[in-house]
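Only one structure is covered here, and it is reproduced in the block below.
The values are calculated or read from the model by the stated rules, or taken from the named source; none is laboratory data. Remember, it's a predicted structure, so these values are computed and weren't measured experimentally. Using ideal geometry, Cβ is built from the backbone for each residue, glycine included, and neighbour counts are taken over all protein chains shown. We work out accessible area using only protein heavy atoms, side chains counted, and drop any ligands, DNA or RNA first. Shrake-Rupley method; radii C 1.70, N 1.55, O 1.52, S 1.80 Å.
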Amino acid sequence: MAEQNRKVAFICSKGNLDMAYPALIMGWAALGNGIDVTIFFTFWGMDMINKARVDHLEIPPLANSSMKMNMMGIPGYIGIPQIMGVIPGMTPFASWLMKKKMDGLEVPPVREYLQMLVDGGAKLYACKMSVDMFGLKKEDFIDGVIDIVSASDFMDMTEGSQIIFI
Amino acid sequence: MTTRTIAGKTVQVNEEGFLTDPAEWTKEIAAELAKEEGLGVLTPAHWAVIEFCRKDAASTGKAPTLRRITATAGVSTKDLFALFPKGPAKKVARISGLTKPEGCV
């Protein structure tokens, strides 16, 4: 087909639950359409591939101006007072709610989604500088992570790719 | 909307070459489209996926997504990508005489 050699590379730099999904959803769509996918995890984005963290990603309501109470079924766009965000339990609650909504849409959890991408042929890499900074090792990452590479390696391996920073 | 003749049968297709009426699909058409997609001769494993998609679409009214195929038809993601390499989402739907899946997963 015409787009045979199209390649997409995602740079995942965020570890919040909501920011884990864009690369997973677009990456999966890309694989389904025959586009090569590479994902580079850097800084907080490494939480997505960290065995100890991947199942515990969260979304804090604090300082999130888009999160309104309509997510909880309250009509309109009534805000959540910022002071509420600091109450213990609010972040787990918001995270639980988002996971429930995702589940309702049959969107798999992050760990399972990453495995789907790996099985579909996506190549996952961790950022060397971030790995050194956080004191991590390759064993700390889920199985699909191929290697720990430098920014320069990433640039070499994504020649001709469309690069999306998240 | 245009028509084209596939495996001796004239069918309606959209601009991307997907059949617009699943009822016009035949196994011979699937075999022909599979060749066009570079899959060669369809194996029983291919047919199992195609038949699942046909049945699922007939009951839900839309083409199943890859995730739905792997979760429901008992074929692994790896196998699905090996059976229909380089873009299984479109290939499975096209060969099965369905439109592109609307879902994102």
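A compact table of results
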read-out: Any chance A:Leu117 is within 14 Å of chain B (Cβ to nearest Cβ) and either at pLDDT 95 or above or on the phi > 0 side of the Ramachandran plot (or both); value: yes
read-out: Number of the condition not met by A:Ala94 [criteria: (1) of a type in the set (Gly, Ala, Ser); (2) open to solvent by 30 Å² or more (accessible area, probe 1.4 Å); (3) assigned to a helix (DSSP H, G or I)]; value: (2)
read-out: Which listed residue is under 12 Å from the mean Cα position of the chain (by Cα) and open to solvent by 50 Å² or more (accessible area, probe 1.4 Å), from B:Ala71, B:Ala48, B:Ala63; value: B:Ala48
read-out: Residues satisfying the stated conditions in segment A:27-61, i.e. within 12 Å of A:Leu114 (Cα to Cα) and in a helix (DSSP H, G or I); value: A:Gly27, A:Trp28, A:Met48, A:Val54, A:Asp55
read-out: Residue satisfying condition, being modelled with pLDDT of 95 or more, over 14 Å from A:Thr42 (Cα atoms) and surrounded by fewer than 17 Cβ atoms within 10 Å (Cβ to Cβ), within set A:Gln162, A:Gln82; value: A:Gln162
read-out: Unique match (being under 12 Å from the mean Cα position of the chain (by Cα), within 14 Å of chain A (Cβ to nearest Cβ) and open to solvent by less than 10 Å² (accessible area, probe 1.4 Å)) among B:Pro88, B:Pro101; value: B:Pro88
read-out: Inter-residue pairs, beta-carbon under 9 Å, first within 17 Å of B:Cys53 (Cβ to Cβ) and in segment B:5-33, second assigned to a helix (DSSP H, G or I) and open to solvent by 80 Å² or more (accessible area, probe 1.4 Å), 6+ apart; value: B:Gly17/B:Glu36; B:Pro22/B:Ala58
read-out: The listed residue being within 14 Å of chain B (Cβ to nearest Cβ) and of a type in the set (Gly, Ala, Ser), out of A:Ala23, A:Ala52, A:Ala9; value: A:Ala23
